[in-house]
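Here is the structure we will look at, set down as structure tokens.
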Amino acid sequence: MIKIKGIAVSPGVSIGKAKILTREKIKIDKKKISLEQVETELSRFGKSVDEVIEEINLLIAGISDNDESTEILKTHKLILKDPGLKENVTKLIKNDLYSLEHAIQKHFTNVIELFKNMKNDYFAERSSDYEDVAYRLLTHLMQNEKDILDVLDENSIVFANNITPSGVTKVYARNIIGICTEKGSKNSHSSIIARSMNLPYVARAPKLLNKIKNDDTIILDGIKGEIIVNPDRRTLQEYEKIKDERSEKQKELVQLIGVTARTEDNHEIGLMCNIEIPDEISVLKKIKSAGIGLFRTEFLFIDRDELPSEEEQFKIYKKMADSIKPHPLIIRTIDVGGDKLSRVLNLESEINPNLGCRGIRISLQHIPIFKTQIKAILRAGEAENIKIMFPMISALEEIVKVKKIISTCKKELAEKNINYDANIKIGAMIEIPSAAITSDCIASECDFLSIGTNDLIQYTLAVDRDNQGVDKYYIPHHSSVLRLMKLTVENAHKHNIKVAVCGEMASQIKYIPFLLGIGVDELSVSPGSYLEIKKIILNSNLAELKLQAEKVLQISATKEIEKALKEMTENYD
Ligand code: PEP
Ligand code: MG
């Protein structure tokens, strides 16, 4: 039995057999690039090498000194820094118009062949280091695990170097019961999706893939962030017991299905769920969610070779709206960029993607694609329970522009005698400090606001939500974040509109009393936390929470805030 420590990303306990995502399946598109693409490919090259070196540095930092894998990782860094790599790949891109992935594959295949032909054990070992580095670089660039996931057995626990958001959705669709990765972070979209799907997930477990074999028996403890490989009988029994207790607790929560989320002093809170893929609606119906507060539509655009048409989108939105009726379905227009880069949109990679062309910025740069999505939503809106919401709004002007585009779409639909919802409600996500600070102006043009705390924290604290190296700076309860949320709620209420929180803070019990205390009207949470959050709401007294939240807002030291928030939750059983 061995124990491997990682970070707890998605809670829950799973017991099953290990399945390692192997590396043979990387498929490279061998199409030639155009001359204009040469510069982009070269800059992607430099950036990806730097990023992979950084990843290796982080892995080294997480390993104790004198560990043999530190030496291996240092060798991998040397391979990446080898001037021969740069020279060959650059030549293949510039002279032969190879795509970056194709050039990397060609370079490494040549080097590996060379080593293998030397028929010497030492060099044979070196060739596997080159294979490793090629794999790291290519998976980093392509984030492609789809073919491998297609062949996984149900009830297995997946082990991988890393997993993409769409990879998690595939894992879920295959009834896989847990995920363990060497990389990853708590706030990435992959992690959010795993939590939303109730899939236990442990990330950042160093040297993981060297320690596991396919079909090893695994206990995945997503609460402690621990992986136990081939447990002894006593440990296995202990964990079977923990699993049973968790399912007992779950049974108690099941009693709350269908109960209205109303506080003790009779304030109803709109408690909805976030979803990423339409299939998740079946879970929402089981727990009787009072609506969908955030449908992240970008997942309809990822991992495909062509864009979804208006008709395809219309059918999806309409089916979802009908099945969640009479509750609302809040559709967020695509928010690609950051870690959600879409192949199909052919987006150029950026040095700083989270500060680059993301969310509404991309939609406003690709108006025809944006209009297709808006028309599909407007048409599906005939069901009358759809609202539309826009991500990454940084200023009033963007909402004004978006509203003009919606008017044009309505006019064009009317001209063709196509039915649509003329009164569709429009909302802005407040997830950039500039939007929170000017939320009075933005509220004046909207029917509702929704606070995206994941990005609000990222942009307020200048901390990349996907960068594990700066995790400790990602502090949801930083007083700046709490104050921006409070300001947003006040401004929304001044304009008589409701404000929701749809970021991950709304799914964490420790923040719920505070959010209710500052007057948040609605929460859109991960389906896995829905009933637990409902229990908190039912046991809350809003008048008391208001007073306590006021006090929290007066505190500036983070540690003290943490303590005060803890005290607010201590009154619940
Ligand atoms: C957020 O930023 O809080 C949010 C809900 O949006 P996403 O996580 O999709 O960026
Ligand atoms: Mg966001």
Among beta bridges assigned by DSSP with both residues in the chain, the antiparallel ones amount in percent, to the nearest 5, to 30 percent
CD proxy, 222 nm, the chain: helix-only mean residue ellipticity via -39,500 (n - 2.57) per DSSP H run with n ≥ 4, per residue, nearest 500, stands at -15000 deg cm²/dmol
Treating the angle as unsigned and between 0 and 90°, give the value, to the nearest 10°, between the Cα long axis of helix 68-81 and the longest Cα principal axis of the chain. 90 degrees
Order of L199, L355, L345 - criterion: other Cβ atoms within 10 Å of each residue's Cβ, fewest first: L355, L345, L199
Over 32 Å between alpha carbons, listed pairs K243/K387; K213/K319; K186/K241: K243/K387; K213/K319
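About the Cα centre of the chain, how large is the charge dipole given +1 on each Lys and Arg Cβ and -1 on each Asp and Glu Cβ? Please answer in debye to the nearest 20. Walk me through the intermediate numbers first.
Numbers: 81 positive and 85 negative charges, 110 e Å.
Here the chain has a charge dipole of around 520 debye.
Step through the table entries K318/K546; K285/K371; K315/K498; K47/K472; K207/K566; K375/K498, compare each Cα-Cα distance with 32 Å, and write down the pairs that go over it.
With Cα atoms farther than 32 Å apart: K318/K546; K207/K566.
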Per-residue Cβ contact counts at 10 Å, fewest first, order S394, S363, S156 as S394, S156, S363
Neighbour-count order for D216, D279, fewest beta carbons within 10 angstrom listed first: D279, D216
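Using Cα pairs under 8 angstrom and six or more residues apart, how large is the relative contact order of the chain, in percent?
Working: 1057 pairs, mean separation 81.7, N = 573.
Relative contact order comes out at 14 percent.
Read-outs throughout are calculated quantities, based only on the coordinates presented, and are distinct from any laboratory measurement. Every value quoted in this text rests on a predicted model; they were computed, and no experiment measured them. Here Cβ is always computed from backbone atoms with ideal geometry, including for glycine, and neighbour counts include all displayed protein chains.
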